[in-house]
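First comes the structure, then the notes that go with it.
The values are calculated or read from the model by the stated rules, or taken from the named source; none is laboratory data. Keep in mind it's a predicted model, so treat the numbers as computed, not measured. Here the Cβ positions follow ideal geometry from the backbone for every residue, glycine too, while neighbour counts run over all protein chains shown.
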Amino acid sequence: MQFTLIDRITDLKPGKSIQAVKVLALAEEYLKDHFPRFPVMPGVLMLESMFQASAFLVYKSEQFKYSTVMLKEARNVRYAGFVEPGNSLMISAEILKQDEVTTTVKAQATTEGKVAVSGRLVLERFNLFERYPDTFVEGSDIYTSRKMQQRFDLLVAAGSLG
């Protein structure tokens, strides 16, 4: 199962920064259990939203050269508020440094003008076939990269950057 935890990309400067939005709807499946009388977005999903926005920044900055961008580390993560149904989570990430394999970003998500979560994320990028040639077929990276680009294009169109 795959969740997209951002609804639109509202600003993007490849190689530099991204801004995205997640609107928390009461219909989100996980809110039935977290928590029934006080539904709030789980902290791990707020972190995942920051990661997903950051990953799209890396994908676009690298022209979708890599099929996989994964969270390697989350540092200094601080939770400071709740995100309730009807709230918009405004996500921003900026690249701090990058080497051949990893990208470090400073990310933050706010709601109603207040920080809900912040931290530094280390993302690792690679192609599956290059890393695991015995497990993946050669064309799998091209397919996966195209799928990520299609998802990115939808999020950009929803944010009116198109």
Count of the range 130-162 residues which are in contact with a helix residue (DSSP H, G or I) (Cβ under 6 Å, 6 or more places away or on another chain), at pLDDT 95 or above and over 16 Å from residue 10 (Cβ atoms):
2
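Quick one: which of 77, 122, 156, 69 is part of a strand (DSSP E or B), in contact with a Gly (Cβ under 9 Å, 6 or more places away or on another chain), among the hydrophobic types (A, V, I, L, M, F, W, C) and closer than 16 Å to residue 49 by Cα? Full working, then the answer.
Working: 122 fails: in contact with a Gly (Cβ under 9 Å, 6 or more places away or on another chain); 156 fails: part of a strand (DSSP E or B); 69 fails: in contact with a Gly (Cβ under 9 Å, 6 or more places away or on another chain).
That would be 77, the only listed residue that is part of a strand (DSSP E or B), in contact with a Gly (Cβ under 9 Å, 6 or more places away or on another chain), among the hydrophobic types (A, V, I, L, M, F, W, C) and closer than 16 Å to residue 49 by Cα.
Among the residues of the range 2-33, what is the count of those that are assigned to a loop (DSSP other than H, G, I, E, B) and either within 10 Å of the chain's Cα centre (by Cα) or surrounded by 14 or more Cβ atoms within 10 Å (Cβ to Cβ) (or both)?
At the first step, the residues of the range 2-33 found to be assigned to a loop (DSSP other than H, G, I, E, B) are 2-7, 14-16, 24-28, 33.
If we keep only those that are either within 10 Å of the chain's Cα centre (by Cα) or surrounded by 14 or more Cβ atoms within 10 Å (Cβ to Cβ) (or both) as well, we get 4-7, 14, 24, 28.
Qualifying residue count for the region: 7.
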Return the only residue of 90, 46, 50 being under 25 Å from residue 149 (Cβ atoms), touching a residue at least 40 places away in the same chain (Cβ under 8 Å), within 10 Å of the chain's Cα centre (by Cα) and not in a loop (DSSP other than H, G, I, E, B).
50
Would a scan of the range 87-94 turn up a residue that is modelled with pLDDT of 95 or more, in contact with a strand residue (DSSP E or B) (Cβ under 6 Å, 6 or more places away or on another chain) and within 29 Å of residue 142 (Cβ to Cβ)?
yes
From (1) touching a strand residue (DSSP E or B) at 6+ places or on another chain (Cβ under 9 Å); (2) in a loop (DSSP other than H, G, I, E, B); (3) not hydrophobic (A, V, I, L, M, F, W, C), pick out the condition that doesn't hold for residue 104.
(2)
(1) within 26 Å of residue 139 (Cα to Cα); (2) part of a loop (DSSP other than H, G, I, E, B): which one isn't true of residue 60, the others all being true?
(2)
Name the pairs: first residue in the range 136-155 and free of Cβ contacts under 8 Å to residues at least 40 places away in the same chain, second residue surrounded by 18 or more Cβ atoms within 10 Å (Cβ to Cβ) and of a type in the set (Gly, Ala, Ser), Cβ to Cβ under 7 Å, at least 6 apart or on different chains?
none
Among the residues of the range 65-82, the number that are over 13 Å from the mean Cα position of the chain (by Cα), surrounded by 15 or more Cβ atoms within 10 Å (Cβ to Cβ) and in contact (Cβ under 8 Å) with a residue 60 or more places away in the chain is 2
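Please work out if residue 82 is among the aromatic types (Phe, Trp, Tyr), assigned to a loop (DSSP other than H, G, I, E, B) and over 18 Å from residue 14 (Cα atoms).
Details: among the aromatic types (Phe, Trp, Tyr): yes; assigned to a loop (DSSP other than H, G, I, E, B): yes; over 18 Å from residue 14 (Cα atoms): yes.
Here the answer is yes, as residue 82 does meet what is asked.
Could you grab me the full set of residues in the range 104-128 that are farther than 24 Å from residue 87 by Cα and either within 17 Å of the chain's Cα centre (by Cα) or without any contact (Cβ under 8 Å) to a residue 24 or more places away in the chain (or both)?
Of all residues in the range 104-128, those farther than 24 Å from residue 87 by Cα come to 104-105, 122-128.
Selection gives 104, 105, 122, 123, 124, 125, 126.
Determine, yes or no, whether residue 102 is hydroxyl-bearing (Ser, Thr, Tyr), closer than 24 Å to residue 67 by Cβ and at pLDDT below 95.
no
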